[in-house]
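K.L.:
Sharing a structure with you now.
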Amino acid sequence: MKHIMDIRELEITAELAQIALTPVELERLGREVTQMVSYFEKMKEVDTDGLEPTTHAFVKANRVRPDAVKPSTLADAALERAPELEDRFIVIPNVL
Amino acid sequence: MAKLEDSWRRFSEKAASYTAYAKAWEAKIGAFLSFNPQHNPASTSAVPAGQSPVAGLPFGVKDNIAVAGFPLTCGSKMLEGLTSPYTATAVQKLIDGGARPVGKTNLDEFGMGSSTDNSALGKTNNPWDVTRVAGGSSGGSAACVAAGQVPFALGSDTGGSVRQPAAFCGVYGLKPTYGTVSRFGLTAYASSLEVIGVLATTVGLTRSVYDLIKGEDGNDQTSLKSEPGPARPVRKIGILKNLTGLAPGVEAVYRESLATLKKLGYTLVEVELPTLEYAVSAYYTIATAEASANLARFNGIRYGLRPEYAENPEDLIRKARTAGFGDEVKTRILLGSYVLRSGFQDQFYTKAQKVRTAIRRDFDRIFEEADVFLSPTFPTTAFAHGDTTMTSFQQKLADKFTVTANLTGQPGLSFPAGLADGLPVGLQVLAPVFEEGRLFEVADRFAEAVPPAACPGTSLDWSL
Amino acid sequence: MYDTFVGLEIHIHLLTKSKVFCSCKAHYGDEPNTNVCPVCLGYPGVLPVLNEEAIKLAYVVAQALNCRLSPRTLFERKNYFYPDLPKNYQISQFRDPVGENGFIDVPLGEGVTKRIRIHDVHLEEDAGKMIHAGDMSLCDYNRTGYPLLEIVTEPDLSGGEEAERFLQYFQRVVRYLHVSDGNMEEGSLRCDANISINKTGGGLGTKVEVKNLNSSRFVRKALEFEFKRQSAQFEAGTRIVQETRLWNENRDVTESMRSKESSHDYRYFPEPDLPPFVPSGDFLRLVDSLQVELPLARRERLKTTWGLSAEQADFVSESKSLADYFETTAKASGQGASVANWLMGDVQKELKHFDLTLEASPLSSARLAQLVTLLESGRIHIKIAKQLLIAVFEENKDPETLVKEKGWEAITTESQLQPILDKVFAEHSGVVDAIRAGDQRQKGFLVGQVMQATGGRAAPALVNQLLAKALG
């Protein structure tokens, strides 16, 4: 199988996805990612000239909602689920 | 079929014996990540049995679908301990119809897998043979229905995740037309492909549940009103001209079933599906691309896994995601991020969307030649836990029969067609958009000829 | 010696009641994390639902900026991780924004207007806010999901001063259109700038982005700083680096962000949760009906229609409500220049004194028209008119009513004035005699006495005329 993705490409991708990978993981997951990407290359064989990409399963009429406020009854419930709170702020560490 | 529902109602009223039965099976199969038959959502209304086909029935909900007060873990360490503050539209409709959610079922982490072995929080076994997988990703939902712990369960189908476990566990599994069931409350894996589906022990109940949960929803702007064409009986069934790569047992049941369908008066029409061999590529390209964005929200800040120590936000986010996601999820996120990157997007993501268009055209043509399209649901029966021949790559390739319906948005139903070496074999029937009625019709007539086998150790009349 | 090319990326909060993709309140100044719900917090399973007012206002702006309006506008996901962005992607637009290829004519000084091209106008969602406190950051998601409209100009501005004027004018435009508060202090109008310089005639240079510009003044100062910095680099033969810099308002300098900007790849792709929006004929007619005459055009028309001076026209067209008020008053009174003068002078003074806005004051345009009509028709004269204006503010009554109640109408007939004159003559017979004897200097004293006796209401011309007659 053609090895089309080098480690550097994987590292850039992992960086974009905010996932840290050890060299071992990079190797293990990289193998499958590479295998899949090679498999995806098969799509080249399909003649798609003149075909529009399908971006949505179905598009019917426009969908909008009226500009009306609904009180946020779940705000407190959501805050209860935050790992760390101070007053009503969600706290995250930030050592500069 | 009303008899089954009545017996269920009587049975679940005997709370103690119901719980004992469900728990006994649970010890064997581990279908649920949380099971609480006494949990009574505040909104549960008493609906008289005559007014709703699901009144009084307990049901399971795949743990990537929100039910207020129940956990919403998606089978991931990332969300272990998270309780949903709200309820999915589909679940709410069932509650409003008098049904009662009793637990959250196990799944491959975030719906990514075909075995439920990718769950980080529990192991689910196939009730027919506990050394085997229940399928996935809605494995818990399929297993609990097959074992009779509940008469029906909700699952989600992104690339076959309702139909394949239904086939492995010998129950019905409906993937409705995209959009006919609101996705509000379904944790997104691949938004343009997936839909909440139904797993149930009978065609009648599958249909009843679907009828209840469908409908346009203000909370989901991709939801649609189902608008089927004028009803007419199914006559022509499209089948693949060259069908290869099936396990012998599956092949045998498939051939027998074709004979049965012929006997039932259907005309079998051989059709060609030249794009089938590209379906898996297009599917995994689109699904992982969407997943890479959908799963970006899990960062340990607002809810979910928070690492013990982090120096700064970026460190926190990275540590949470690195510790919270399993290998399969990470692989798919990487894959999806890659196919969207500038320089690769046209070659992969955009190409896949065009292939998707080509596949839709193929199916449009097929449904001019036939009323429905039939194939095996999966090339094999339930495989063993840890089966080394079924690598995750092989499992993906085997999704080829199911992913097409997700790419086209069309409805599909897996129905139990027989047994191979004591394991259920499911066949899948597909129909044009909104024509779920045709699927139920074919599955119903088939069941009259070949009634589905019950899983050993279960009882459908609940007299125990 | 150098050409400078400046382009702006302006973000405005649209004036909607609720957020763009959920029904939470879009409101400043509430307690942290109160206007939040599972949708804007990015809970698992939630979906965006498009606010129709937001998409409408987006089209209103795009049309006002002469853009090609998209017949099928599409939302896309812009992928990047940031703690204030709950989903870690922003729903934005990329390939099919609401509007593209527009322009706006902007007054950039005395009689100078310049056409600035608009690259595109697109609708997106705002992020939350992070406050840094010691070794932690505090996240507030109230602002998350505010409808944000981004307007991107072409690099048609020639430097900091033009950019500042453009921004000030743009602020008036969005207020005229009533699509945004345009308030830079509250952050409902935000601006990033990009600047490149090159030897005259050399075309665009290397683009440097400048962020953290919280007022139009900072936009000017930052761009002026950048010009100096970049031209010095040019002189020194140093290559200018394409980068993003932050304005440091305490030190009056821009500083390199030193981020891993190169690794930014937003991986835009169509938002599968939102179908494309296809404006209908009715929708486009509605958008069209919401167009207004923009400040520049309005100013020019006020000059020609009402004969206003440049200064008057500038003042009156500052806001749409003032221009509307002016025109209503001018039409009702038939007086343009006079109304403009009142607005610029005494009305301003009294508004300040009573600490009121024109809208909230008792001085409706009908009342100002009445006042101006009373003055111009000679029924009251200027001194009374000024008193009358104060009375309207104090008593909240119509000028006509006040003039009647207070008997302020000018004395303009001989029969009314003669008896008063006679009385003054009788009281000051010595002065009268002196004048008759030739001491003309004392005449003014008598005028003053008549005015005092009439409470200032006597028409001065008539007083003079009668005095002349009586004193020969």
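The values are calculated or read from the model by the stated rules, or taken from the named source; none is laboratory data. Computed from a prediction, not measured in an experiment: that's the story for all the values here. Neighbour counts run over all protein chains shown; Cβ positions are idealised from the backbone, glycine included.
K.L.:
Yes or no: the range C:229-244 includes at least one residue that is within 32 Å of the chain's Cα centre (by Cα) and under 18 Å from C:Val6 (Cα atoms). Let's see the steps before the verdict.
P.N.:
Initially, the range C:229-244 is screened for residues within 32 Å of the chain's Cα centre (by Cα), giving C:244.
Within this subset, residues satisfying the condition of being under 18 Å from C:Val6 (Cα atoms) are C:244.
Checking the range C:229-244: at least one residue is within 32 Å of the chain's Cα centre (by Cα) and under 18 Å from C:Val6 (Cα atoms).
K.L.:
Using the structure shown, decide if B:Phe168 is among the aromatic types (Phe, Trp, Tyr), more than 14 Å from chain C (Cβ to nearest Cβ) and in contact (Cβ under 8 Å) with a residue 60 or more places away in the chain. Before the answer, list the steps.
P.N.:
Working: among the aromatic types (Phe, Trp, Tyr): yes; more than 14 Å from chain C (Cβ to nearest Cβ): yes; in contact (Cβ under 8 Å) with a residue 60 or more places away in the chain: yes.
Considered against the rule, which asks whether it is among the aromatic types (Phe, Trp, Tyr), more than 14 Å from chain C (Cβ to nearest Cβ) and in contact (Cβ under 8 Å) with a residue 60 or more places away in the chain, B:Phe168 comes out as yes.
K.L.:
Within the range B:65-73, can one find any residue that is among the hydroxyl-bearing types (Ser, Thr, Tyr) and more than 15 Å from B:Val198 (Cα to Cα)? Show your work before the answer.
P.N.:
At the first step, the residues of the range B:65-73 found to be among the hydroxyl-bearing types (Ser, Thr, Tyr) are B:73.
Those still in the list that are more than 15 Å from B:Val198 (Cα to Cα) too: B:73.
Among the residues of the range B:65-73, at least one is among the hydroxyl-bearing types (Ser, Thr, Tyr) and more than 15 Å from B:Val198 (Cα to Cα), which makes the answer yes.
Yes/no matrix, rows are residues, columns are (1) farther than 26 Å from B:Pro58 by Cα; (2) modelled with pLDDT of 95 or more:
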residue: B:Ile366; (1), (2): yes, yes
residue: B:Asp371; (1), (2): yes, yes
residue: B:Thr380; (1), (2): yes, yes
residue: B:Gly412; (1), (2): no, yes
residue: B:Ala431; (1), (2): yes, yes
residue: B:Thr458; (1), (2): no, no
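K.L.:
Still on this structure, I have one more. Consider A:Thr34 against the criteria (1) more than 7 Å from every other protein chain (Cβ to nearest Cβ); (2) surrounded by fewer than 20 Cβ atoms within 10 Å (Cβ to Cβ): it satisfies all of them except one. Which criterion is unmet?
P.N.:
(2)
K.L.:
Can you tell me which residue in the range C:68-103 is modelled with the lowest pLDDT, limited to those that are in contact with a helix residue (DSSP H, G or I) (Cβ under 7 Å, 6 or more places away or on another chain) and hydrophobic (A, V, I, L, M, F, W, C)?
P.N.:
C:Phe81
K.L.:
Right, something else. Among the residues of the range B:123-135, is any under 12 Å from the mean Cα position of the chain (by Cα) and either farther than 22 Å from B:Asn219 by Cβ or buried (at least 24 other Cβ atoms within 10 Å of the Cβ) (or both)?
P.N.:
Going residue by residue through the range B:123-135, those that are under 12 Å from the mean Cα position of the chain (by Cα) are B:134-135.
Now narrow it down to the ones that are either farther than 22 Å from B:Asn219 by Cβ or buried (at least 24 other Cβ atoms within 10 Å of the Cβ) (or both): B:134-135.
Scanning the range B:123-135, I find at least one residue that is under 12 Å from the mean Cα position of the chain (by Cα) and either farther than 22 Å from B:Asn219 by Cβ or buried (at least 24 other Cβ atoms within 10 Å of the Cβ) (or both), so the answer is yes.
K.L.:
I'm told C:Lys87 meets every condition in (1) among the basic types (Lys, Arg); (2) surrounded by fewer than 19 Cβ atoms within 10 Å (Cβ to Cβ); (3) touching a Gly at 6+ places or on another chain (Cβ under 6 Å) except one. Can you identify the failing condition by its number?
P.N.:
Answer for C:Lys87: the failing condition is (2).
K.L.:
Restricting the search to the range C:299-338, which residues are buried (at least 16 other Cβ atoms within 10 Å of the Cβ) and either farther than 19 Å from C:Arg172 by Cβ or aromatic (Phe, Trp, Tyr) (or both)?
P.N.:
C:Trp306, C:Phe315, C:Tyr325, C:Phe326, C:Thr328, C:Thr329, C:Ala330, C:Ala332, C:Ser333, C:Gln335, C:Gly336, C:Ser338
K.L.:
Could you say whether any residue in the range B:372-391 is within 12 Å of another protein chain (Cβ to nearest Cβ) and closer than 30 Å to C:Tyr268 by Cβ? Outline the logic, then answer.
P.N.:
At the first step, the residues of the range B:372-391 found to be within 12 Å of another protein chain (Cβ to nearest Cβ) are B:391.
Still in the list and also closer than 30 Å to C:Tyr268 by Cβ: none.
No: zero hits.
K.L.:
Now for a separate question. Give me the pairs, please: first residue somewhere in the range B:88-104 and surrounded by fewer than 24 Cβ atoms within 10 Å (Cβ to Cβ), second residue anywhere and among the hydroxyl-bearing types (Ser, Thr, Tyr) and outside any loop (DSSP other than H, G, I, E, B), beta-carbon distance under 8 Å, and either six or more positions apart or on two chains.
P.N.:
B:Arg100/B:Ser12
K.L.:
Filter the range C:404-416 for residues that are over 14 Å from C:Gly378 (Cβ atoms) and touching a helix residue (DSSP H, G or I) at 6+ places or on another chain (Cβ under 8 Å) and give the result.
P.N.:
Hits for the range C:404-416 are C:Lys406, C:Glu414.
K.L.:
Residues being of a type in the set (D, E, K, R), in contact with a helix residue (DSSP H, G or I) (Cβ under 9 Å, 6 or more places away or on another chain) and more than 30 Å from B:Arg361 (Cα to Cα): count how many of those fall in the range A:43-96.
P.N.:
Within the range A:43-96, residues that are of a type in the set (D, E, K, R), in contact with a helix residue (DSSP H, G or I) (Cβ under 9 Å, 6 or more places away or on another chain) and more than 30 Å from B:Arg361 (Cα to Cα) number 3.
K.L.:
If you don't mind, another one. Quick check on my filter: what residues within the range A:41-59 are within 30 Å of A:Arg8 (Cα to Cα) and more than 7 Å from every other protein chain (Cβ to nearest Cβ)?
P.N.:
A:Glu41, A:Lys44, A:Glu45
K.L.:
Output the number of the condition that C:Lys221 fails; it satisfies all remaining conditions of (1) over 14 Å from C:Val6 (Cβ atoms); (2) among the basic types (Lys, Arg); (3) surrounded by 18 or more Cβ atoms within 10 Å (Cβ to Cβ).
P.N.:
So the condition that C:Lys221 fails would be (1).
K.L.:
Take the residues in the range B:44-59 that are modelled with pLDDT of 80 or more and of a type outside the set (A, V, I, L, M), then tell me which one is nearest to B:Thr87 (Cα to Cα).
P.N.:
Looking only at the range B:44-59, we keep the residues that are modelled with pLDDT of 80 or more, and these are B:51-59.
Still in the list and also of a type outside the set (A, V, I, L, M): B:51-53, B:56, B:58-59.
Values: B:Gln51: 23, B:Ser52: 20, B:Pro53: 21, B:Gly56: 19, B:Pro58: 16, B:Phe59: 15 Å.
Checking each candidate, the answer is B:Phe59.
K.L.:
Another question, if that's okay. Got at least one residue in the range B:258-273 being within 14 Å of chain A (Cβ to nearest Cβ) and either crowded, with 23+ Cβ neighbours inside 10 Å or in contact with an Asp or Glu (Cβ under 8 Å, 6 or more places away or on another chain) (or both)?
P.N.:
We begin by selecting, within the range B:258-273, every residue within 14 Å of chain A (Cβ to nearest Cβ); these are B:273.
With the extra rule that they be either crowded, with 23+ Cβ neighbours inside 10 Å or in contact with an Asp or Glu (Cβ under 8 Å, 6 or more places away or on another chain) (or both), the set shrinks to B:273.
Yes, that holds for at least one residue.
K.L.:
Go through the range B:276-299 and report how many residues are at the interface with another protein chain (Cβ under 7 Å from one of its Cβ atoms) and not in a helix (DSSP H, G or I).
P.N.:
Just the residues of the range B:276-299 that are at the interface with another protein chain (Cβ under 7 Å from one of its Cβ atoms), to begin with: B:278, B:281-282, B:284-285, B:289-290, B:292-293, B:296-297, B:299.
From what is left, the residues that are not in a helix (DSSP H, G or I) are B:299.
So the count comes out to 1.
K.L.:
Here is a follow-up. Name the residue, out of C:Asn212, C:Asn198, that is assigned to a strand (DSSP E or B), in contact (Cβ under 8 Å) with a residue 12 or more places away in the chain and either surrounded by fewer than 15 Cβ atoms within 10 Å (Cβ to Cβ) or at positive phi (or both). So that I can check it myself, show each step before the final result.
P.N.:
Values: C:Asn198 fails: either surrounded by fewer than 15 Cβ atoms within 10 Å (Cβ to Cβ) or at positive phi (or both).
The conditions single out C:Asn212.
K.L.:
Right, something else. What number goes with the only condition from (1) closer than 19 Å to C:Lys129 by Cβ; (2) more than 9 Å from chain A (Cβ to nearest Cβ) that C:Tyr59 does not pass?
P.N.:
The one condition C:Tyr59 does not meet is (1).
K.L.:
Here is a further query. Within the range C:77-112, which residues are among the β-branched types (Val, Ile, Thr) and touching a residue at least 60 places away in the same chain (Cβ under 8 Å)? Walk me through how you get there before you give the answer.
P.N.:
Step one: filter the range C:77-112 for residues among the β-branched types (Val, Ile, Thr), giving C:91, C:98, C:104, C:106, C:112.
Passing the criteria: C:Ile91, C:Ile104, C:Val106.
K.L.:
Can you name every residue in the range C:51-62 that is crowded, with 23+ Cβ neighbours inside 10 Å and closer than 30 Å to B:Val91 by Cα?
P.N.:
C:Asn51
Residue-by-condition table, conditions (1) closer than 18 Å to C:Ile151 by Cα; (2) touching a residue at least 24 places away in the same chain (Cβ under 8 Å):
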| residue | (1), (2) |
| --- | --- |
| C:Tyr28 | no, yes |
| C:Pro32 | no, yes |
| C:Cys37 | no, no |
| C:Leu50 | no, yes |
| C:Lys56 | yes, yes |
| C:Tyr59 | yes, yes |
| C:Ala62 | yes, yes |
| C:Arg68 | yes, yes |
| C:Phe75 | yes, yes |
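K.L.:
In the range C:5-22, what residues are surrounded by 24 or more Cβ atoms within 10 Å (Cβ to Cβ) and assigned to a loop (DSSP other than H, G, I, E, B)?
P.N.:
Correct list: C:Leu14, C:Lys19, C:Val20, C:Phe21, C:Cys22.
K.L.:
Taking the options B:Leu107, B:Leu72, name whichever one is in contact with a strand residue (DSSP E or B) (Cβ under 6 Å, 6 or more places away or on another chain) and crowded, with 24+ Cβ neighbours inside 10 Å.
P.N.:
B:Leu107
K.L.:
Take C:Leu14 and tell me if it is under 29 Å from C:Arg115 (Cβ atoms) and either at the interface with another protein chain (Cβ under 10 Å from one of its Cβ atoms) or not hydroxyl-bearing (Ser, Thr, Tyr) (or both).
P.N.:
Numbers: under 29 Å from C:Arg115 (Cβ atoms): yes; either at the interface with another protein chain (Cβ under 10 Å from one of its Cβ atoms) or not hydroxyl-bearing (Ser, Thr, Tyr) (or both): yes.
Judged against the criteria, C:Leu14 is a match.
A quick yes/no check of all residues on (1) more than 7 Å from chain B (Cβ to nearest Cβ); (2) at pLDDT below 95; (3) over 26 Å from the mean Cα position of the chain (by Cα); (4) outside any strand (DSSP E or B):
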| position | (1), (2), (3), (4) |
| --- | --- |
| A:Leu21 | yes, yes, no, yes |
| A:Glu27 | yes, yes, no, yes |
| A:Tyr39 | no, no, no, yes |
| A:Ala61 | yes, yes, yes, yes |
| A:Thr73 | yes, yes, yes, yes |
